[in-house]
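Reading through the structure tokens given below for one structure.
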Amino acid sequence: MLGNYLWRRARRAGFALALLTAALALVLTGCSEDDASEPTATTEATSTASATGSVEGTSTATPASIEVTDSSGETIVLEAPASRIVSHSPAATEILFAIGAGDLVVAADEYSNYPAEAESLPKVTYSTPDPEQDLAFDPDLVIFAGRQESSLDHFRELDLRVFYLEEPRDLEGVFANIRALGQLTGHETQAEAVVADMQATLDEVAAAIADVEEGPLVFWELTEDLYTVSPDSFIGSALSFVKARNVAAGVDGDFPQLSSEAIVEANPDVILMADAGFVDPAGVPDRAGWSAITAVANDAIYPVDGDVMSRPGPRIAQGIEDLARLLYPDRFE
């Protein structure tokens, strides 16, 4: 059954995520070069660890020295890989564990719930990071993601090394973040293995649907009040990868709210419910006017794991394969 398949895939993604989490921790350590007291690179030998420009990695001639520039443009130089990491990003936490650096994470935000080991970590605040919380863990690297950008200056003024990862909009951005975290934690080889495994999965999906000219029209339900994702969002890029047509195409914003009437008029072939943990899919046909929607008439209403699909981490490749299996079951028999 699909549920068992998703569970098995999630277990395999958990291993990759463990490796990736270690890499992200190391990135944060290198990112606090914002402070004037941070050391600078002593050589000019470099190797790029960025695919989309969100982060850049530089390795100096000294094997133990690491230089990384984060998404905010700040460059950090580490004399050794990060060893005490505080992660304020669920995706970064998953990456660190996937690349084998989970044991370097000393604390994580309250939403870092994967893999299981992450749930038992001491917790720090996600939305409004408190530097006093982080200082209590004596970190050599702090990892921020998109939501915490406004707290960067305050943390850096307190001499906390913060590596900021802008949330990517596509798969290349995910690969860049994985590689950067691998470099910062000394897990470059493991990071490349995670990326290679993800790419292999994506290649298999692309081959399976190569001759699909036009995929089904999809409504992605984020919340019961009908917020969804546009093609420009990270989740939207995943839908595009599997050739799904998006009901929200042409609507402004990454996460627009649609009216019930607009969805009925669009008449999607498939409804994907990322809010199924809070909203019973069985109640969708009872919504006013929705019984006429093709997806409802054909019972094509599917719950999806919102965490897997919204986090730009190692599980996204498996999430994309799961989507493809839902939309094109005959291609994966």
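Values in this text are rule-based calculations from the coordinates and carry no lab data. What you see is a predicted model; the values in this text were computed from it and never measured. Please note: Cβ atoms are built from the backbone with ideal geometry, for glycine as well, and neighbour counts cover all protein chains shown.
Close amide H contacts of Ile99 (hydrogens built in the peptide plane, cut-off under 5 Å, sequence separation of 5 or more or a different chain): Ala18, Leu19, Leu20, Thr21, Ala22, Ala23.
Computed 3J(HN,Hα) for the stretch 299-315, one whole-Hz value per residue from the Karplus formula 6.51 cos²θ - 1.76 cosθ + 1.60 where θ = phi - 60°, is 6, 9, 10, 10, x, 10, 7, x, 5, 4, 7, 9, 8, x, x, x, 7, glycine and proline marked x. As a proxy for reagent exposure, ranking Thr185, Thr128, Thr228, Thr75 by other Cβ atoms within 10 Å from fewest up yields Thr128, Thr75, Thr228, Thr185. Summarising the amide proton neighbourhood of Thr125: residues at separation of 5 or more, or on other chains, whose placed amide H is nearer than 5 Å comprise Asp130. The Cα-based radius of gyration of the stretch 186-244, divided by its Kirkwood radius, gives an Rg/Rh of 1.11.
Charge tally for Asp232 (other residues, Cβ to Cβ under 9 Å; Lys, Arg +1; Asp, Glu -1): 0.
Remark: the stretch 152-165, residue by residue, has Karplus-estimated 3J(HN,Hα) of 4, 4, 4, 5, 5, 5, 8, 6, 8, 7, 10, 9, 9, 10 Hz, where x stands for each Gly or Pro and the curve is 6.51 cos²θ - 1.76 cosθ + 1.60 at θ = phi - 60°. Directionally averaged projected area (the stretch 157-284, Cα convex hull): 11.3 nm².
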